[in-house]
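Please read the structure below before turning to the comments.
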Amino acid sequence: SLGYSVDTCSGGPEALQRIEKNKTPYDLIISDMAMPNMTGDQLVLKIRETQPDMPIILCTGYSKKIDKDIASGMGVNALIYKPVDLTTLARTVRELLDENHDSR
(Lines give C-alpha, C1' and ligand atoms only; values in the text may rest on other atoms or scores of the structure.)
Protein backbone atom coordinates (compact mmCIF):
# COMPACT_ATOMS: atom_id res chain seq x y z
CA SER A 1 0.00 0.00 0.00
CA LEU A 2 3.05 2.29 0.20
CA GLY A 3 4.02 1.84 -3.45
CA TYR A 4 6.89 -0.60 -3.06
CA SER A 5 7.27 -3.90 -4.91
CA VAL A 6 7.45 -6.62 -2.28
CA ASP A 7 8.58 -10.23 -2.44
CA THR A 8 7.66 -12.52 0.46
CA CYS A 9 9.09 -15.81 1.68
CA SER A 10 7.83 -18.40 4.12
CA GLY A 11 11.16 -18.90 5.90
CA GLY A 12 14.81 -18.01 6.15
CA PRO A 13 16.25 -20.63 3.77
CA GLU A 14 13.81 -19.63 1.02
CA ALA A 15 14.64 -15.95 1.56
CA LEU A 16 18.37 -16.61 1.41
CA GLN A 17 18.00 -18.61 -1.78
CA ARG A 18 16.02 -15.82 -3.46
CA ILE A 19 18.47 -13.17 -2.30
CA GLU A 20 21.45 -15.13 -3.61
CA LYS A 21 19.87 -16.05 -6.97
CA ASN A 22 18.01 -12.84 -7.77
CA LYS A 23 19.61 -11.21 -10.80
CA THR A 24 18.01 -7.90 -9.88
CA PRO A 25 19.24 -7.19 -6.36
CA TYR A 26 16.80 -6.27 -3.66
CA ASP A 27 16.94 -2.72 -2.34
CA LEU A 28 16.09 -3.70 1.23
CA ILE A 29 15.44 -6.80 3.32
CA ILE A 30 12.86 -6.95 6.13
CA SER A 31 12.98 -10.06 8.28
CA ASP A 32 11.33 -11.31 11.40
CA MET A 33 13.49 -12.75 14.14
CA ALA A 34 11.30 -15.86 14.46
CA MET A 35 11.03 -17.83 11.22
CA PRO A 36 10.89 -21.50 10.28
CA ASN A 37 14.22 -23.28 9.78
CA MET A 38 16.42 -20.19 10.27
CA THR A 39 16.16 -17.28 12.68
CA GLY A 40 16.33 -13.69 11.53
CA ASP A 41 19.76 -13.17 13.05
CA GLN A 42 21.07 -16.25 11.22
CA LEU A 43 19.64 -14.88 7.97
CA VAL A 44 21.31 -11.52 8.57
CA LEU A 45 24.72 -13.14 9.12
CA LYS A 46 24.35 -15.19 5.91
CA ILE A 47 23.33 -12.11 3.90
CA ARG A 48 26.29 -10.16 5.28
CA GLU A 49 28.71 -12.79 3.91
CA THR A 50 27.91 -11.78 0.33
CA GLN A 51 26.11 -8.43 0.59
CA PRO A 52 27.67 -6.33 3.33
CA ASP A 53 25.89 -3.13 2.24
CA MET A 54 22.34 -4.50 1.91
CA PRO A 55 19.97 -2.48 4.14
CA ILE A 56 18.28 -4.84 6.61
CA ILE A 57 15.39 -4.27 9.00
CA LEU A 58 14.89 -6.92 11.66
CA CYS A 59 11.55 -7.16 13.49
CA THR A 60 11.18 -8.86 16.85
CA GLY A 61 8.94 -9.12 19.86
CA TYR A 62 10.53 -8.85 23.28
CA SER A 63 13.62 -11.03 23.18
CA LYS A 64 16.56 -11.66 25.46
CA LYS A 65 18.47 -12.92 22.42
CA ILE A 66 18.65 -9.59 20.59
CA ASP A 67 18.65 -5.89 21.34
CA LYS A 68 19.70 -2.80 19.37
CA ASP A 69 23.41 -3.19 20.25
CA ILE A 70 23.54 -6.87 19.27
CA ALA A 71 21.56 -6.19 16.09
CA SER A 72 23.86 -3.33 15.12
CA GLY A 73 26.92 -5.47 15.78
CA MET A 74 25.73 -8.10 13.31
CA GLY A 75 24.96 -5.53 10.63
CA VAL A 76 21.25 -4.87 11.11
CA ASN A 77 20.45 -1.32 10.02
CA ALA A 78 17.23 -1.02 12.02
CA LEU A 79 15.60 -3.10 14.74
CA ILE A 80 11.84 -2.68 15.06
CA TYR A 81 9.90 -4.11 17.99
CA LYS A 82 6.51 -5.73 17.40
CA PRO A 83 3.77 -4.92 17.15
CA VAL A 84 4.97 -2.79 14.23
CA ASP A 85 2.81 0.15 13.24
CA LEU A 86 2.68 1.22 9.60
CA THR A 87 4.06 4.70 10.29
CA THR A 88 7.20 3.34 11.96
CA LEU A 89 7.74 0.76 9.23
CA ALA A 90 7.18 3.29 6.43
CA ARG A 91 9.54 5.84 7.99
CA THR A 92 12.26 3.25 8.62
CA VAL A 93 12.05 1.83 5.09
CA ARG A 94 12.21 5.30 3.54
CA GLU A 95 15.17 6.35 5.71
CA LEU A 96 17.19 3.25 4.85
CA LEU A 97 16.41 3.46 1.13
CA ASP A 98 17.40 7.14 1.11
CA GLU A 99 20.63 6.44 3.03
CA ASN A 100 21.53 3.60 0.67
CA HIS A 101 20.78 5.72 -2.39
CA ASP A 102 22.82 8.65 -1.05
CA SER A 103 25.84 6.42 -0.37
CA ARG A 104 26.06 5.18 -3.98
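Listing for the model above:
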{"item": "Accessible-area composition of the chain, carbon plus sulfur, in percent [1.4 Å probe]", "result": "51"}
{"item": "The range 1-70: trypsin sites (Lys or Arg not before Pro) falling in loop per DSSP and having at most 14 other Cβ within 10 Å", "result": "Lys23, Lys64, Lys65"}
{"item": "Relative contact order computed over the range 1-86 (Cα-Cα under 8 Å; 6+ residues apart), in percent", "result": "25"}
{"item": "Among Met74, Met33, Met54: highest mean-square fluctuation, GNM of the chain, C-alpha pairs under 10 Å", "result": "Met74"}
{"item": "Under 5 Å, built H, 5+ apart or other chain: amide partners of Asp32", "result": "Cys59"}
{"item": "Segment His101-Glu49, length gained on full extension (0.36 nm per residue, minus Cα span)", "result": "16.6 nm"}
{"item": "Helix-only mean residue ellipticity at 222 nm for the chain, each DSSP H run of n ≥ 4 adding -39500 (n - 2.57), per residue, nearest 500", "result": "-13000 deg cm²/dmol"}
{"item": "Overall dimensions of the chain as given by Cα atoms, namely Rg and Dmax in Å", "result": "13.0, 36"}
{"item": "Subset of Lys46/Lys68; Lys23/Lys68; Lys23/Lys46 violating a 29 Å alpha-carbon distance limit", "result": "Lys23/Lys68"}
{"item": "Cα gyration tensor shape for the range 65-104, rounded if a/c is under 1.5, else prolate or oblate", "result": "oblate"}
{"item": "Between the range 19-69 and the range 85-104, the Cα center-to-center distance that results, in Å", "result": "16"}
{"item": "Loop-located chymotrypsin sites (Phe, Trp or Tyr not before Pro) in the range 19-104 whose Cβ has at most 13 other Cβ within 10 Å (DSSP)", "result": "Tyr62"}
{"item": "Amide H contacts of Thr39 (H built 1.01 Å from N, under 5 Å, at least 5 apart or other chain)", "result": "none"}
{"item": "Cα shape, the range 33-82, gyration tensor, a/c 1.5 rule", "result": "oblate"}
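The values are calculated or read from the model by the stated rules, or taken from the named source; none is laboratory data. In this text, all values refer to a predicted model and were calculated from it rather than measured experimentally. Note that each Cβ is placed from the backbone with ideal geometry, even for glycine, and that neighbours are counted across all protein chains shown. Ligands, DNA and RNA are stripped out before the accessible areas are found, and what is left, the full protein with its side chains, is counted by its heavy atoms. Shrake-Rupley method; radii C 1.70, N 1.55, O 1.52, S 1.80 Å.
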